[in-house]
Each structure stands twice: as structure tokens, then as C-alpha cells.
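Read-outs: derived from the displayed coordinates by stated rules, not from any lab. All figures in this text were calculated on a predicted structure; none of them were measured in a lab. We place every Cβ from the backbone using ideal geometry, glycine too, and count neighbours over all the protein chains shown.
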Amino acid sequence: MMAPPILPNQYLVYTGYVGPDQPTVTQTWLLPPNAVANGATPQQPLKLPFLYTGNGNLAALKQLSNDDFSIAAVYSGSPTPQNVSIGLQVTGKHAWSTGASARNALRANFLTLIQQIELQFEQNGTPALIAGASAMIAAAFTQILPLPIAETLLYACGLETGIGTGAAPAVNLQPGMRLRSEPSARQYLAPPNQGFSAYVASGTLSWNVSGNAGQAPLQQFDAFLGAIAGPQITPPPAAPVPINSLIDLQLAGSAYRYHRLIYPQNVIAANNAGNLTAQQNIQLLAANTLADLYHSPAATQLFFGRDLVVPEICVWLGPSTGNLTPLYVPLGTTVNHLLERFGAWKPLSTNDARNVTVLYRMVYSPSNQGSLSGVQISFAPQTASITDLRVLNLPLLPGDALLLNLPIP
């Protein structure tokens, strides 16, 4: 079994990846720069500065490390908010394996670590880490993980597709996302046209998810409504609380740190009179800790009447870095989906294919601590042309910049 090609300063979408535990299984993976195949990644821990508040026992942070993820405070002399960095490294125990048991163990260790960081170091009585540190650490771990491309959104925003698992699809909402709501209105027609009575599409709504920086990172569904006192519903609605419009998302006492959408596996027929159960409507779960979000949410609301809600992310698209335009696309949009907008053309087996489709991703800089770097994602090893279209199925993340240098005169 050959080691996968690792690029020094670029991500690589590699369609020929074979894990050490399944030598007959080939998958498409996204390999991080400077990774060490089957070993600890990166070679030197990624360091995040300015997360320490100046309080608490930093030595206890290292005790949260587990089989798959290593974390420790790095500093010299007396610890201060200015000289303490949080060092992160993926151990390689399960990260390079492709089997289901290893993938499940990796995911469980990831969630356990982030939840423990939040509870013990971010939300305790005297926090050792700043508000929102656990989310930043989770994002940093995600950027250094070698991952099957089908799992990139699982780690980036908790997307569980439900495909092949039997579980309900679900996704965590994050500040910066935009929710596209496609509500349905009940249309009633009297005889002899009663057969046309049904839920029908009634337009499109957009709600921007935002958050607070430098304080309790509560999520909001509208920046203005989140800046004013939320109203009470009179009389209070019975559970489960319906979401009939934006105001139902910004009620008094309804601000939470986390929200998660759960999608039903059965939807009522359009000509059905309606259904008020969670099993046939999209659920919006809310909680103030990640552990509660997954296991015991503090609040549940329902989008009734065949309402559909799609999270969208903002990416960049243009012919060059100087002409990039922000574009909202549904979560799950791939490089190939954007290429399809410009025709059936694909950058396959051409001498200049590598220069026609160029993708950059914003990551925490490994060399300039505290800053971001735009790192290119390659669709073929540095000395090769793009010869496998499966590399274009890479899902986009918020802030990705796709350059399409099409031969337009």
C-alpha cells in the first residue's frame, strides 16, 4: 500500500486514497498540507493564540486529549493572555482509517473533546478560555484532519445526511449562514374544485444567522431583531411551538448559543389537512451547550405545513482574485455544481486544466499565528493534470473562493 501524495502547502483532493485498515477500499479524500500519512498531523501542532483569559489551570487542558485529538497550552514563562497559545494535533489513531468503526470512533472523540472544552474551560465559573473558543478549536481541528470528502461538512457544521444510515438528516446552524425558507400556504377551494385544495408554495424568505463576538455568542436570526428586546406571545403557545414567521424566532427568552435543524423522513401529502407532529415537520432544536444540543435540547420549535428550510453559505466566485463576487449557495454545493452553471465543460485532461479551476480556502495560518491564510486546494498532484472528475465533488465551505479562468475572449 503506497502512502498518499501529500502537498507541502496545498490541500489535495485525492481519488485513490486507501486506508491502512481496508487495503481493498478506495475512497476520495481531502488531504491537508504537510500531513503525515498514518501519523500525527500536522508535524508541528497548529497553535491558536489569544484564547486564554488569564484564569484557570492550563495544565488541565492537556488532560482532555484522547486517542485521536491532542490539545495543550503552549507558553514560556508565566502564562498570560498574550503569550499562551493552544496547540492542536491529530494523533493518527483513527483519522487515516476508512472503516465504519474507526470513523465512528473518530467522530465520537471529536465531539467529546469539543464538548468538554466548552463545559470545563469556556462556560465554567471562571472561564480559562474566551467565549467561542470551543468553536474556533473545532474549526482548527477540521482544517488539519484528513477526511473523506463526504465527511467534510460533518465536521464543519455537523451535517448528517441520513443517507444509508436510517437516521434523520440534521445540520447545525452557524453564524454567517443564511436560511432560505420555502413556506407553503393552505389553499382551500369550494366544490366542485375541492380537489385542488392543498398546501401550495407561497414565496421565498431569507433569514441571516448571526452571532455576538467578545461576549456570550448567542445566535440570532436577524441582527436588528437580536439587538432589541424580543416580544412575548400572548397567550403563550402550547408545545411544540410553531414557527409561522420570523418573529417566532426572536421571542423573549428564546436566545440560545446553538441551533440544529432536524429533517423529517416522512412529509405530509400536499392535499392533507395538516400534521402537528415532529415526525413530519422540520424541527429547530436550541441549546446553550453542544452536549445539550445533541442529547437534551432546551427548546424545540417546528416549521409547520410542509415548510422547507435550506441553510446557505457565502462563497466567492470570479475569473480572478481581483474580480471575486460573493455568492450564497445551498450547503452541500460542490465545485462541480458551480461549474455546471457555465455548461457541460469540465477541466479534464488538458494542459491548462490546473489553471482554469482554482479553489482557495481560508484557514488558520500555521506560520503567522492569529491570522488567516488562503490555501489552494489542488484537484491533482502538482505535476499532473486533472484526470478524474470525482475530485470536483468536493463540497464548498463558507469563504471558499473559486476562480474560473474560462477562455472567454
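Taking label points 7 Å from Cα along the Cα-to-Cβ direction, Asn55 and Thr24 give a separation of 5.7 nm. Phi angles across region 88-94 convert, under the Karplus curve 6.51 cos²θ - 1.76 cosθ + 1.60 with θ = phi - 60°, into 3J(HN,Hα) values of 10, 8, 8, 6, x, 4, 10 Hz, Gly and Pro given as x.
A Förster radius of 30 Å combined with the Cβ-Cβ distance from Arg341 to Asp67 puts the calculated FRET efficiency at roughly 0.10. Recomputing P(r) over Cα pairs in 20 Å bins from 0, in percent from the coordinates shown identifies the correct label among [x] 27, 57, 16, 0; [y] 22, 32, 33, 12, 0; [z] 24, 54, 21, 1, 0 as [z]. The aspartates and glutamates whose alpha-carbon is closer than 19 Å to the alpha-carbon of Lys62, local same-chain residues fewer than 8 away aside, are Glu118, Glu122. A Förster radius of 45 Å, combined with the Cβ-Cβ distance separating Gln82 from Thr321, puts the computed FRET efficiency at roughly 0.85. Bridging of Lys346 to aspartates and glutamates at a Cα separation below 15 Å is possible for Asp388, once same-chain residues fewer than 8 apart are set aside. On full extension, the segment bounded by Asn244 and Ala298 gains 17.5 nm, given 0.36 nm per residue less the C-alpha separation. A straight chain from Thr161 to Asn124 at 0.36 nm per residue would run longer than the Cα-Cα distance by 10.0 nm. Summarising the label geometry, the points placed 7 Å from Cα in the beta-carbon direction at Asn212 and Asn34 lie 3.6 nm from one another. Here the gap between Ala100 and Gln187, fully extended at 0.36 nm per residue and compared with their Cα-Cα distance, gives a gain of 26.7 nm.
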